[in-house]
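Read the figures in this text as sums done on the coordinates, not as results from a lab. Nothing here was measured: the structure is a model prediction, and the numbers come from that model. Here the Cβ is made from the backbone with ideal geometry for all residues, glycine too, and neighbour counts use every protein chain on show.
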Amino acid sequence: MDTITNNTLFNTVKNLIQASRQYIAVSVNAEMSLLYWKIGTVIRQEILKEERAEYGKQIVATLSRQLEGEYGKSFSEKSLRRMIQFAELFPEEQIVVSLILQLSWSHFMEILPILDAIKREFYIQMCIHEKWSVRTFRERIQSMLYERTAISKKPEDVIINDLQLLKTEQKLNPDLVFKDPYFLDFLGLKDA
């Protein structure tokens, strides 16, 4: 076998291995995120009955100790509380299933503290559209990207519409990305 054929074969096999590894990583992450959502949902609905605060805290602490003993630190009390919060923020399984194929559990950890639903949806859609790493995602949230975009100054229904366009048709409204008022004015995109 000559060198060129050998290199081509090597590169082809190498690409297959890398693609398969990527697929496995995405699949494992998706399954793990779905598991965490299911755990959060079960705890929230079945054990806490969505209302018994003090009793619920004791149950979560006890459950955590049992799970940590069997499955490790991934099931600490803090982790279980995050799972519950995840289930609260995303109560519909269909939405979770579509998001877990595009976002990692680490992305969700960055989203959980965002209580404003529209702001949270903005960051989710921008992260998906721009394919942000967790580090970039965290930086965008910490830099208050949403607050610095022109869209954040618009009425809620306009924001929701623009985010829906991004979500369904991958159409990125310039107001979602242009942050500098001088750019907006120059491009004639100043808010009315």
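Tabulated results
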item: Net charge over other residues, Cβ less than 12 angstrom from the Cβ of VAL97 (K, R count +1; D, E count -1); result: -2
item: Inter-site label distance for ASN11 and LYS131 at 7 Å from Cα along Cβ, in nm; result: 2.0
item: Compactness index (Cα Rg / 2.2 N^0.38 Å), the stretch 1-91; result: 1.75
